[in-house]
Amino acid sequence: MVQIIKDMKELKALLKTAGQKLVVVEFSAKWCGPCKNIGPIFQAMSSQYQNVMFANVDVDSSKELTELCHIKVVPTFQMFKQTQKVSLFSRFKRTICCLRSEIELKEIFEFYGADVKKLEEKIQELM
(Lines give C-alpha, C1' and ligand atoms only; values in the text may rest on other atoms or scores of the structure.)
Protein backbone atom coordinates (compact mmCIF):
# COMPACT_ATOMS: atom_id res chain seq x y z
CA MET A 1 0.00 0.00 0.00
CA VAL A 2 1.25 3.46 -0.92
CA GLN A 3 0.66 6.04 1.78
CA ILE A 4 -0.26 9.57 0.66
CA ILE A 5 1.88 12.22 2.36
CA LYS A 6 0.71 15.84 2.45
CA ASP A 7 3.22 17.62 4.68
CA MET A 8 6.47 17.29 6.61
CA LYS A 9 4.65 16.23 9.78
CA GLU A 10 3.14 13.23 7.97
CA LEU A 11 6.49 12.36 6.36
CA LYS A 12 8.28 12.44 9.72
CA ALA A 13 5.56 10.26 11.27
CA LEU A 14 5.91 7.71 8.45
CA LEU A 15 9.70 7.64 8.77
CA LYS A 16 9.46 7.16 12.53
CA THR A 17 6.93 4.34 12.10
CA ALA A 18 9.17 2.65 9.51
CA GLY A 19 12.00 2.11 11.99
CA GLN A 20 14.67 0.02 10.22
CA LYS A 21 12.63 -0.44 7.04
CA LEU A 22 13.47 1.26 3.78
CA VAL A 23 11.01 4.03 2.85
CA VAL A 24 10.62 4.98 -0.82
CA VAL A 25 8.91 8.31 -1.45
CA GLU A 26 7.64 9.15 -4.92
CA PHE A 27 7.15 12.84 -5.72
CA SER A 28 4.76 13.10 -8.65
CA ALA A 29 2.02 15.18 -10.29
CA LYS A 30 -1.36 14.23 -11.72
CA TRP A 31 -0.59 16.01 -15.02
CA CYS A 32 2.79 14.24 -15.50
CA GLY A 33 2.78 11.53 -18.20
CA PRO A 34 5.75 9.54 -16.83
CA CYS A 35 4.20 9.74 -13.33
CA LYS A 36 0.98 8.24 -14.69
CA ASN A 37 2.98 5.43 -16.28
CA ILE A 38 5.00 4.47 -13.21
CA GLY A 39 2.20 5.05 -10.66
CA PRO A 40 0.53 1.63 -11.05
CA ILE A 41 3.93 -0.08 -11.03
CA PHE A 42 4.91 1.78 -7.84
CA GLN A 43 1.61 0.63 -6.31
CA ALA A 44 2.34 -2.99 -7.33
CA MET A 45 5.84 -2.78 -5.82
CA SER A 46 4.28 -1.79 -2.51
CA SER A 47 2.54 -5.19 -2.48
CA GLN A 48 5.59 -7.06 -3.73
CA TYR A 49 8.07 -5.61 -1.21
CA GLN A 50 6.31 -6.10 2.13
CA ASN A 51 9.40 -5.09 4.12
CA VAL A 52 9.60 -1.69 2.37
CA MET A 53 7.28 1.25 2.99
CA PHE A 54 6.04 3.28 0.02
CA ALA A 55 4.68 6.82 -0.01
CA ASN A 56 3.56 9.37 -2.56
CA VAL A 57 3.67 13.15 -2.46
CA ASP A 58 1.64 15.16 -4.98
CA VAL A 59 3.91 18.12 -5.72
CA ASP A 60 0.98 20.40 -6.59
CA SER A 61 -0.96 19.84 -3.36
CA SER A 62 2.15 19.61 -1.13
CA LYS A 63 4.21 22.57 -2.31
CA GLU A 64 5.92 23.23 1.03
CA LEU A 65 7.10 19.61 1.39
CA THR A 66 8.18 19.57 -2.25
CA GLU A 67 10.30 22.66 -1.62
CA LEU A 68 11.76 21.30 1.62
CA CYS A 69 12.79 18.11 -0.18
CA HIS A 70 14.34 20.10 -3.06
CA ILE A 71 12.21 18.50 -5.77
CA LYS A 72 12.87 20.04 -9.19
CA VAL A 73 11.45 17.39 -11.57
CA VAL A 74 8.79 14.69 -11.41
CA PRO A 75 8.77 11.87 -10.86
CA THR A 76 11.53 11.94 -8.25
CA PHE A 77 12.16 9.05 -5.85
CA GLN A 78 13.88 9.56 -2.52
CA MET A 79 14.96 6.73 -0.22
CA PHE A 80 15.02 6.91 3.58
CA LYS A 81 16.23 4.59 6.35
CA GLN A 82 16.05 5.17 10.10
CA THR A 83 14.34 8.55 9.53
CA GLN A 84 17.23 9.82 7.39
CA LYS A 85 17.61 10.16 3.65
CA VAL A 86 20.06 7.51 2.52
CA SER A 87 23.18 9.50 1.81
CA LEU A 88 26.31 9.03 -0.23
CA PHE A 89 28.29 8.87 3.02
CA SER A 90 26.22 6.07 4.56
CA ARG A 91 26.39 4.09 1.32
CA PHE A 92 30.15 4.77 1.05
CA LYS A 93 30.70 3.28 4.52
CA ARG A 94 28.65 0.20 3.60
CA THR A 95 30.59 -0.21 0.36
CA ILE A 96 33.91 -0.16 2.22
CA CYS A 97 32.68 -2.70 4.77
CA CYS A 98 31.10 -5.05 2.27
CA LEU A 99 33.28 -4.86 -0.82
CA ARG A 100 36.72 -3.74 0.36
CA SER A 101 37.58 -3.10 -3.28
CA GLU A 102 36.40 -1.20 -6.34
CA ILE A 103 34.43 1.41 -4.43
CA GLU A 104 31.68 2.95 -6.52
CA LEU A 105 30.57 6.44 -5.68
CA LYS A 106 27.18 7.06 -7.21
CA GLU A 107 24.03 8.77 -6.09
CA ILE A 108 21.78 6.00 -4.90
CA PHE A 109 19.44 7.84 -2.59
CA GLU A 110 17.51 9.83 -5.17
CA PHE A 111 16.77 9.63 -8.85
CA TYR A 112 14.48 11.15 -11.41
CA GLY A 113 12.28 9.75 -14.15
CA ALA A 114 10.02 6.75 -14.63
CA ASP A 115 12.75 4.10 -14.94
CA VAL A 116 11.09 1.01 -13.43
CA LYS A 117 14.21 -1.13 -13.66
CA LYS A 118 16.35 1.47 -11.88
CA LEU A 119 13.71 1.94 -9.17
CA GLU A 120 13.54 -1.79 -8.50
CA GLU A 121 17.34 -2.12 -8.47
CA LYS A 122 17.62 0.67 -5.89
CA ILE A 123 14.93 -0.86 -3.69
CA GLN A 124 16.67 -4.25 -3.77
CA GLU A 125 20.05 -2.64 -3.12
CA LEU A 126 18.86 -0.71 -0.07
CA MET A 127 16.50 -3.24 1.58
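When only the heavy atoms of the protein chains count and the probe is 1.4 Å, how do Y49, Y112 rank by accessible area, highest first?
Largest to smallest exposure gives the sequence Y112, Y49.
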* Asked: Sequence-distant or interchain residues sharing an amide H contact under 5 Å with D7, placed H: which?
  -> none
* **Above-threshold pairs, the threshold being 20 Å between Cα atoms, out of K9/K118; K6/K85; K16/K85** => K9/K118
* Whole-Hz ³J(HN,Hα) from phi, Karplus 6.51 cos²θ - 1.76 cosθ + 1.60, for the range 30-36, glycine and proline x -> 4, 7, 7, x, x, 5, 5
* Structure fact -> Sorted by chain and then number, the residues having a modelled amide H within less than 5 Å of the amide H of F54, at least 5 places away or on another chain, are Q3, V24
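The values are calculated or read from the model by the stated rules, or taken from the named source; none is laboratory data. If you're wondering where the values come from, they're calculated on a predicted model, not measured in any experiment. Protein only, heavy atoms only, side chains kept; ligands, DNA and RNA dropped before computing areas. Shrake-Rupley method; radii C 1.70, N 1.55, O 1.52, S 1.80 Å.
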